[in-house]
Amino acid sequence: MSLPRLLTSLALTLALTLPTAAEDWPAWRGPTGQGHSAEKDPPVKWSATENVRWKVALPDAGNSTPVVWGDKIFLTQATEKGKKRSLWCLARKDGAKLWEKTVTFDGKETIHQTNTYCAASPATDGERVVVSHGSAGLYCYDFAGKELWKKEYGPCDHIWGSASSPVIHKDLVIHHHGPHETTFLVGLRKTDGTEVWRHDEVGKKPEVYYGAWGTPVVAPVGGAERVLMTWPGAVKAHDPATGKVVWSCRGLEKDKAADRLSYASPLVSPDAVVASAGFGGPSVGVTPAGAGDVTDTHRLWRTPNNPQRIGTGVIVGDHVYVVNEPGVACLALKTGKEVWSQAVPGGCWSSIVHAAGRLYIVGQKGETLVLAAKPELEVVARNALDGATTRASLVPTGGGFLIRTYTHLWYVGPK
């Protein structure tokens, strides 16, 4: 065999035998916070007995989503009715636990029966992992599990619990502390936790129907990077260097002043930012530019009774796909008008993942609905697991998906 042919043969052998590289999914909703995956051939079919790489039993329920960096998975877990709140590090290849770090919380923190004490997902930059334990504080660890710093901001208490996840952006950790009477967005130096800036928002008592549960999104809009956050009544674009509000758009208010809720994170495209209130409240589409209050100058549309509820959707092309709890709906990005809707068995609390032209939405009974990401409704597949309650979102990695249920962490996909 000639040398060129030998080298070609060796290269082909290596390509076929080396393990598939995992897509890093470093935070809730992935690298951009928008639910878009770069996986080129994600699985379409699986079940509790088909295309299961491994599954690991979990000691208690959880709504948080795992994150992935290289060969490591990071997952939050709460036990003993929230008195113990942990960060787990698992091996991606087989789910084996590499280490666990637990903090104890003896204070009072309200929780709803549908929420858990581990609803926030971790965030990582490949060197450190940041995790929010709600009222128990914000913690940062290195990849060996050594605590680097912590911040205790006091109660994060509401009748429906908390959910917002931290975000790592360049040299900062950006975090929404709330909902509670004390509510704010904060930027911390990721190396040591030093507070760089803080933006205070209006807070309410825990029993009032008022608050935000979404995670901030950092994205380039209007020619500059912005931290986008859906607050009660308005969506705002903050300067990531200072936390100051660059522009805001009203329209997410409901009829009652106290009944202002926002669960989902903003969706961002070059043409529009889409923000939604929860609990059947309004949605708005906004041109991502301007300064100050841009409600009258840049708001594209407002739907008074939107289909969005708990989970966060995705923008693909000229359409936005939102989670409406019974299932998923397709809206025209420029007008907000509904194009189609599709139910998900058991209803849906998770957020949508877009990969390879498909939408993946897991229902509360653990069945994943796979749809074509296009304005014509097309159901590609339905994939059931064991029926356990599922309120976390799917995580694409290494040609498969991580799926967290209330009983197990599953890794599905062809072996």
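Couple of notes before you dig in:
- Distances between placed amide hydrogens fall under 5 Å for Thr110 paired with His158, all partners being 5 or more residues away or on another chain.
- q = 0.20 Å⁻¹, segment 100-208: log10 I(q)/I(0) [Debye, one scatterer per Cα]: -1.05
- Projecting label points 7 angstrom from Cα along Cα→Cβ for Lys93 and Val44 puts them 3.1 nm apart.
- The chain - percent relative contact order, Cα under 8 Å, separation 6 or more: 15 percent
- Segment 297-354: radius of gyration and largest Cα-Cα distance (Dmax), Å: 11.3, 41
- In plain terms, the residue of Tyr210, Tyr153 with the fewest other Cβ atoms within 10 Å comes first and the most crowded comes last, giving Tyr153, Tyr210.
- 10 Å binning of all Cα-Cα separations within segment 23-122, expressed as whole percents from 0 upward: 14, 39, 36, 11, 1
- Translational diffusion of segment 207-312, estimated by Stokes-Einstein from the Kirkwood radius over alpha carbon pairs at 20 °C in a medium of 1.002 mPa s, is 160 µm² per second.
- In terms of other Cβ atoms within 10 Å, Trp99, Trp88, Trp247 run from fewest to most in the order Trp99, Trp88, Trp247.
- Hull volume in cubic angstrom per residue (convex hull over the Cα atoms of segment 326-383): 78 Å³
- If the chain linking Asp200 and Lys244 were pulled fully straight, counting 0.36 nm for each residue of separation and taking away their Cα-Cα distance, it would gain 14.8 nm.
- Full extension of the chain between Asp106 and Glu181 gives 25.0 nm of extra length, using 0.36 nm per residue less the Cα-Cα distance.
- For Ala224 and Asp142, the FRET efficiency from 1/(1 + (r/R0)^6), where r spans their Cβ atoms and R0 equals 30 Å, is about 0.40.
- Put a plus charge on the Cβ of each Lys and Arg, a minus charge on the Cβ of each Asp and Glu, and nothing anywhere else: the dipole of segment 305-415 about its Cα centre is then about 180 debye.
- nm² value of the averaged projected area, convex hull over the Cα atoms of the chain: 21.0 nm²
- Inter-label distance for Asp60 and Asp271, nm, one decimal - labels placed 7 Å from Cα along Cα-to-Cβ: 4.6 nm
- Only helical runs count toward this figure. For the chain, summing -39,500 (n - 2.57) over DSSP H runs of n ≥ 4 and dividing by all residues gives -1500 deg cm²/dmol at 222 nm.
Every read-out reported here was derived from the displayed coordinates using simple, explicitly stated rules and does not represent laboratory data. Keep in mind that what you see is a predicted model, and the values were worked out from it rather than measured. Every residue, glycine among them, receives a Cβ derived from its backbone with ideal geometry; neighbour counts consider all protein chains shown.
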